[in-house]
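Working notes, beginning with the structure itself.
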Amino acid sequence: MFLGFPLGTHRICSRIHRLSSSDLQLRNDPGEVLSRIVMPRNPLALSLKQPWATLLAHGIKTIEIRRWSTKCRGKILIHAARIPDPRPEGWALVPKEWLTQAELVGGIIGIGELTECVVYRTPETFAADREKHLNDPAWFQDPAMFGFVFTNLKALPFRRYPGWMRFFEVAPETAEPKVPKSARIQKIHGWWD
C-alpha cells in the first residue's frame, strides 16, 4: 500500500491505444483487453498553485478548473506548485489555521478522488458552480472549460516533490522522482513547475 493506493492496481487514466478487431473479440476476457491499455505504475498527482491546492485538499474547493478534459478517475494526489498564485482573492478564502500549509510549495499536500469531469460550455453554467470551484465567473473562456470534480478530499503531511502541468506519476518515497521526458527539456529552459 502506498498513500492509500494498492500496489499493482490503478485506475484507467491514459489514452486507450487503437484496438484491433481481434482485441474486440476478447470480450470474454476483459483482462486481456485491459492489458493492452497504457496504465500508470505509480499514483498520479495534479499540481495546483497555492492557495488553491490547500483549499482543494481541505474540501473548501471541490472542482478544479482546466482548459482540457480528462478521462482519469480515481485517487489523485494534490500537488502544491512551486510558484504560488499572488492574487489576493484566493488567499482571502484560506482560514488562519491553514495558512501555514498554504505557504508550502513544491510538494504533495493532499489526496482526493476524481469522480467526474464536468464541461462548462457557457458562462452561466460556469458561474452556477462558483461555490464549488471558487473562480470568478470572468475566468470562463470559450469554447469550453472543464471541471475536475473531487470527493473524499484529505490533507496529507507535506512531501517535497517536483510537479508538472498535467497529471504526473509520483514515485514511492524511497525512489527518485520520475520526470517526464518533455519536462526534462522544459526544465532546462526554466519552464518547470
What number goes with the only condition from (1) over 17 Å from Val119 (Cα atoms); (2) modelled with pLDDT of 90 or more; (3) polar (S, T, N, Q) that Gln186 does not pass?
(2)
Residues in the range 102-119: is at least one among the polar types (S, T, N, Q), farther than 16 Å from Leu46 by Cβ and modelled with pLDDT of 90 or more?
no
Residues of the range 123-137 being under 19 Å from the mean Cα position of the chain (by Cα) and among the aliphatic types (A, V, I, L, M), which ones?
Leu134
Enumeration of residues in the range 68-107 that are over 13 Å from Trp52 (Cβ atoms), surrounded by 15 or more Cβ atoms within 10 Å (Cβ to Cβ) and of a type in the set (Gly, Ala, Ser):
Gly74, Gly106, Gly107
If I filter the range 130-143 down to residues being touching a strand residue (DSSP E or B) at 6+ places or on another chain (Cβ under 6 Å) and modelled with pLDDT of 95 or more, which single residue comes out as farthest from Gly107 (Cα to Cα)?
Lys132
Kindly check whether there is at least one residue in the range 167-175 that is crowded, with 18+ Cβ neighbours inside 10 Å, at pLDDT below 85 and over 19 Å from Arg67 (Cα atoms).
no
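The values are calculated or read from the model by the stated rules, or taken from the named source; none is laboratory data. Remember, predicted model here, so these are calculated numbers, not experimental data. All Cβ positions, even for glycine, are placed from backbone atoms using ideal geometry, and neighbour counts span all protein chains on display.
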